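Values in this text are rule-based calculations from the coordinates and carry no lab data. Predicted model, so just to flag it, every value in this text is computed and none were measured. No Cβ is skipped: glycine too gets one built from the backbone with ideal geometry, and neighbour counts run over all protein chains shown.
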Amino acid sequence: MASSLAPLVLLILRRQESYGYQIIQELKEKTGGELQVAEGTLYPVLKKMEAKGWIEGDWKKADSGRERRYYALTDKGGQELDAQFSQLNYINDLIHKLWNLPTSTSSNPSTTI
Amino acid sequence: MESTNFNLEQSIHDYISVISNRGSITSADATELSAHIFDAAEALSRQGLSEEEAFIIATKRLGTEEVLTEEYSKVNTSVKTNYVWAYLMAGFSLFYALPAIVFSAVAVFYFFIYQTYQTSSSAVFIVTSFHILFMASVWYLLKFKRSVSYFIERQIERNTIPFLIVCFSLLGFVFVGKGVLYKAFPGLSVLYFPVYAFDSRWIEFTFYATVLSLLGVVVSLVFSVNKLEVLTPRTLLEKPATLFLLAFGLITEFLAASTRTFHINELLYRDLIFGLVYSIAAFSIVYYNRASNSKYLMTAFLPVFLLEMGGSYILLEKGDGYSFVSHALAIILGIAAGRFLAGKVARYVASIA
């Protein structure tokens with residue numbers, strides 16, 4: 001589950017830089033609260049994305065005096081997003097095409113798998 | 001549900017510490033996760049929950065310790081291993097450079113005091129007070145062990161290269177500075193010369209005590225590596241490891257032996273002060289270990305007792321068996337007195353608590 005967060009995070013950061021808690025909130029909001037993931041697991045994902053150079057983290061002090069790590073999309077991350085976006089779209093189209101094929105009538109498909 | 005003494009900051013700190021102690025997250029990760037819980041708890045509080053309720057829900061949403069440890073360890077293993085080299089390099093530079101700077105500064109200090117006051121009582125007073133202050137401050141600084149390691153960890157994680165540059169610059173500074181220093185003060189021999197030059201028993205004794213303190217601080221640092229609590233005399237002395245006790249006994253013996261610098265001719269007083277050092281050492285062990293302290297006392301003091309007796313026997317002048325016995329008695333009685341007093345004091349402290 002955690003690794004499929006990456007393209008979603010890239011999409012969120014495409015608009016503006018953000019920090020972990022805010023990213024999670026936005027994901028939750030967009031999915032209507034259906035996103036079932038331990039919030040803390042986002043951070044290792046962010047870390048991995050940063051190591052790959054897709055995003056860039058920067059410590060900033062919030063008004064409360066606490067430190068937050070803000071992440072911003074890098075050029076490389078933008079390219080990665082484009083690549084993943086077209087790849088996901090491609091797979092999505094393919095799934096739809098296969099889904100809409102007429103089901104076989106020769107035998108019960110559920111028992112042949 | 002409302003708890004009056006709930007402390008959000010402390011609870012978050014404790015919660016993150018549990019995850020931290022599993023070793024798969026870095027200090028930066030810990031800061032980030034703490035900030036997350038803070039933000040989440042704050043948002044929940046705004047919805048009308050108490051701080052404690054908000055904390056519980058925020059940590060539940062964050063995920064269990066197992067899940068977080070597992071996910072982080074996938075990313076962090078190689079990161080943490082890479083840092084080992086940075087720690088080694090920073091450690092080498094700091095452990096070489098900082099003592100060198102401090103000792104050189106001390107040598108220059110001795111030099112100027114000697115130039116100005118020679119062996120007068122002012123010199124004795126200044127240098128002795130300096131030794132005592134120095135001793136007190138190294139023990140006091142030990143309290144900040146955790147802040148120091150946290151600071152270094154943070155620097156290594158966040159500013160690896162700049163931090164290493166600073167460390168190596170210190171090292172370079174020491175190499176260059178040493179040359180300059182010896183040229184400026186040709187007579188300066190670090191530490192060794194000035195202490196004897198002052199020709200004062202007070203300076204000499206406090207000097208030895210200071211050196212032994214530094215040794216004690218190193219021993220304390222080494223033996224507290226596995227302890228998670230804040231370093232206090234209690235965490236150090238409670239249920240001590242055998243090796244720690246051996247080192248403790250050795251330092252006690254060295255400190256007791258240093259009292260000979262007072263050159264007291266009266267046998268009684270000489271042994272009294274020798275026994276007193278053992279008393280204090282025994283007191284500190286027994287005070288923090290009410291039960292099974294005989295075992296600890298034996299481990300700490302039997303080897304050095306034998307060492308001391310062996311040494312005395314070899315150095316024994318013919319026909320001086322009397323001082324040999326009184327010396328042995330001083331140590332044994334000293335330990336017994338320390339033990340007795342520690343028991344009394346511990347009981348008294350428990351009764352008023």
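Here B:I101 and A:L35 are evaluated by their C-beta separation; at R0 = 51 Å the FRET efficiency comes out at 0.40. Could you run the Debye sum over the Cα atoms of region B:8-63, one equal point scatterer each and no solvent, and tell me log10 of I(q)/I(0) at q = 0.18, 0.31 Å⁻¹, two decimals? Debye curve over Cα of region B:8-63, log10 I(q)/I(0) at q = 0.18, 0.31 Å⁻¹: -0.54, -1.28.
State whether region B:77-226 is rounded, prolate or oblate according to the following rule on the C-alpha gyration tensor (a ≥ b ≥ c being the square roots of its eigenvalues): a/c under 1.5 gives rounded; otherwise a/b larger than b/c gives prolate, and the remaining case gives oblate. Here region B:77-226 falls in the oblate category. Could you please state, rounded to a whole Å, how far the C-alpha centre of region B:252-304 is from the C-alpha centre of region B:194-239? Between the Cα centre of region B:252-304 and that of region B:194-239, the gap is 15 Å. Apply the a/c threshold of 1.5 to the C-alpha gyration tensor of region B:1-129 and tell me whether it is rounded, prolate or oblate. Note, shape of region B:1-129 comes out oblate.
The long axis of helix B:8-20 is offset from the longest Cα principal axis of chain B by roughly 80 degrees. Find which of B:P240, B:S93, B:F207 sits farthest along the positive direction of the dipole of chain B, computed with +1 on the beta-carbon of Lys and Arg, -1 on that of Asp and Glu, about the Cα centre. The residue sitting most towards the positive pole is B:F207. Rounded to the nearest 20, the Cβ-based charge dipole of chain B about its Cα centre (Lys and Arg +1, Asp and Glu -1) stands at 820 debye.
The alpha-carbon atoms of region B:189-259, seen along their principal axes, cover 44, 21, 16 angstrom, with the largest extent given first. Per residue of peptide B:104-112, the mean number of Cβ atoms on other chains within 10 Å of the residue Cβ is 0. Loop-resident GluC sites (Glu not before Pro) (DSSP state other than H, G, I, E or B) in region B:252-353 with no more than 12 further Cβ atoms inside 10 Å of their Cβ: B:E266, B:E317. Does anyone have the angle between helix B:51-62 and the longest principal axis of chain B? Alpha-carbon axes, 0 to 90°, nearest 10? Around 80 degrees separate the two axes.
Calculated mean residue ellipticity at 222 nm for the protein assembly as shown: -25500 deg cm²/dmol, from DSSP H runs with n ≥ 4 weighted as -39500 (n - 2.57), summed, divided by the residue count and rounded to 500. Working from label points 7 Å from Cα in the Cα-to-Cβ sense, the B:S120 to B:L307 distance is 4.1 nm.
Taking the Cα centre of chain A as reference, the dipole from Cβ charges on Lys and Arg (+1) and Asp and Glu (-1) amounts to some 160 debye. If R0 is taken as 45 Å, the Cβ-Cβ distance between A:D58 and B:F92 corresponds to a FRET efficiency of 0.90. Computed from the Cα positions only, the extents of region B:253-353 along the three principal axes stand at 53, 25, 20 Å, in decreasing order.
Annotation for region B:264-319: trypsin sites (Lys or Arg not before Pro) lying in DSSP loop with at most 10 further Cβ atoms inside 10 Å of their Cβ are B:K318. Between B:S17 and B:E42, residue separation times 0.36 nm minus the direct Cα-Cα distance comes to 7.0 nm.
With the simple spin-label model, which puts each label point 7 Å out from Cα in the Cβ direction, the B:I273 to B:R201 separation comes to 0.5 nm.
Here's the picture: a label point sits 7 Å out from the Cα of B:N226 along the beta-carbon direction, and within region B:14-39 the residues with their amide nitrogen under 18 Å of it are B:21-23. Rounded to the nearest whole angstrom, the semi-axes of the ellipsoid equivalent to chain B, taken from the Cα gyration tensor as √(5λ), stand at 47, 31, 18, largest first. Here is the size of region A:5-113 from its Cα atoms: Rg then Dmax, 19.1, 69 Å.
Please work out the FRET efficiency for the pair B:A241 and A:N92, using the Cβ-Cβ distance as r and a Förster radius of 56 Å; give the result to the nearest 0.05. Working from the Cβ atoms, E equals 0.35. Hey, what angle do you get for helix B:27-46 against the long axis of chain B, alpha-carbon based, 0 to 90 degrees rounded to 10? Result, in degrees: 50.
Checked against a 22 Å cut-off, the cross-linked pairs B:K143/B:K227; B:K295/B:K344; A:K30/B:K74; B:K60/B:K145; A:K48/B:K227 give Cα-Cα distances beyond that limit for A:K30/B:K74; B:K60/B:K145; A:K48/B:K227.
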